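Down below is the structure, laid out as structure tokens.
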Number of protein chains: 2
Amino acid sequence: MLSEERIEYYRNLGLKITPQRLAILEYLEKHFTAHPTAEDIYRYVKERFPSMSFATVYNTLEALKERGLVKELYIEEGKKRFDLNVQPHHHFYCTSCGRLIDLHEGVKVEISERFKNKLNILEIRVFFLGICDRCQG
Amino acid sequence: MLSEERIEYYRNLGLKITPQRLAILEYLEKHFTAHPTAEDIYRYVKERFPSMSFATVYNTLEALKERGLVKELYIEEGKKRFDLNVQPHHHFYCTSCGRLIDLHEGVKVEISERFKNKLNILEIRVFFLGICDRCQG
DNA sequence: GTGTTTGCAAAGAATTTGCAACGAA
DNA sequence: TTCGTTGCAAATTCTTTGCAAACAC
């Protein structure tokens, strides 16, 4: 359940707040680090809104993306994942279970002066592949 | 045109060398850093083999992947790109022109002990987004 | 009331699969 | 000869689009 302030926040960004959008936003806020696919969101929201269609999921996510509220990710699969966390951060992907883990600190990237001068780097994403703690031994 | 040694190398990996596969391998070797999509490869090879189908492109790439000769990449789009360069390296993606540039050196990643202990990291991929030299100014 | 959103169905893009004919070794 | 490959077409998966009815504001 989103607070009135939260709803107002989204409304002030120019989003018309429909019940469907509320449900999608609730899902995203509740599963902040889950990197859901459109399918994940659809399945969840469909329970409360049986008439919900994929078009609405994609429309809403597109509207959120335009306002900088979500980021699209393509991770080792031919489908989008949506990340409500738009703060720069990195990801660890478990090749065993497919889990995607956010890494906010403990990662530092150094770049040579040559690249810094040649390329205008706006964002750095580090993607780790390996076996997560749960899948080990 | 692939050399006999090169062809023998592929054959020794258990690949049956058909003319179609030769054309695909030639394309990949000639465009080593191009990160082509299946479509790119298809278009090129179709010129010499008008009967070429996407199924053959995908089949061949799958066979190459199984032998560790290509890597699949998903970069900011819902389609695969194929990288013949399987040596660990990083990528710069130009958000202006879509060009993907290989970075082999000048990039260093430091990880905290905590992550190193918790997660079994097998591969690190750094993905830079920004404006490439050609698109600046 | 106005303009946006919803949701259906259809279209589109990328990839995969089934299978008969073919061809490399 | 044998078994893997080719290539067509159909199926699948994911995403987008057109449009009339519904709804937020």
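The values are calculated or read from the model by the stated rules, or taken from the named source; none is laboratory data. Quick caveat: nothing in here was measured; it's all calculated off a predicted structure. Cβ coordinates were reconstructed from backbone atoms using ideal geometry, including for glycine residues, and neighbour counts include every protein chain displayed. We work out accessible area using only protein heavy atoms, side chains counted, and drop any ligands, DNA or RNA first. Shrake-Rupley method; radii C 1.70, N 1.55, O 1.52, S 1.80 Å.
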Next item on the list: Could you identify the single residue in A:Gly98, A:Gly78, A:Gly130, A:Gly137 that is within 12 Å of chain B (Cβ to nearest Cβ) and open to solvent by less than 40 Å² (accessible area, probe 1.4 Å)?
Entry: A:Gly130
Margin query: Just to check your reading of the model, which residue among B:Ser96, B:Ser53 is more than 18 Å from the chain's Cα centre (by Cα) and within 30 Å of A:Tyr93 (Cα to Cα)?
Written below: B:Ser96
Next item on the list: List every residue pair whose Cβ atoms lie under 8 Å apart, where the two residues are 6 or more positions apart in sequence or sit on different chains, the first residue falls within segment A:8-29 and is in contact (Cβ under 8 Å) with a residue 40 or more places away in the chain, and the second residue, located anywhere, is open to solvent by 60 Å² or more (accessible area, probe 1.4 Å) and more than 9 Å from DNA strand D (Cβ to nearest atom).
Entry: A:Leu13/A:Arg67; A:Gly14/A:Arg67; A:Leu15/A:Arg67; A:Glu29/A:Arg6
Item checked: Filtered residue count, segment A:6-49, keeping only those that are within 8 Å of DNA strand C (Cβ to nearest atom) and either among the aromatic types (Phe, Trp, Tyr) or surrounded by fewer than 18 Cβ atoms within 10 Å (Cβ to Cβ) (or both) -> 5
Notebook entry, point to check: Restricting the search to segment B:81-95, which residues are open to solvent by 30 Å² or more (accessible area, probe 1.4 Å) and out of contact with any Leu (no Cβ under 9 Å at 6 or more places or on another chain)?
Noted result: B:Gln87, B:Pro88
Margin query: For segment A:50-64: of the residues being near DNA strand D (Cβ under 10 Å from one of its atoms) and open to solvent by 50 Å² or more (accessible area, probe 1.4 Å), which is farthest from the other protein chains (Cβ to nearest Cβ)?
Written below: A:Ser51
Check: What number of residues within segment B:110-127 are of a type in the set (Val, Ile, Thr), buried (at least 17 other Cβ atoms within 10 Å of the Cβ) and within 22 Å of the chain's Cα centre (by Cα)?
Finding: 2
Next item on the list: Might you let me know whether segment A:73-91 holds any residue that is polar (S, T, N, Q), more than 10 Å from DNA strand C (Cβ to nearest atom), under 29 Å from B:Lys65 (Cβ atoms) and touching an Asp or Glu at 6+ places or on another chain (Cβ under 9 Å)?
Entry: no
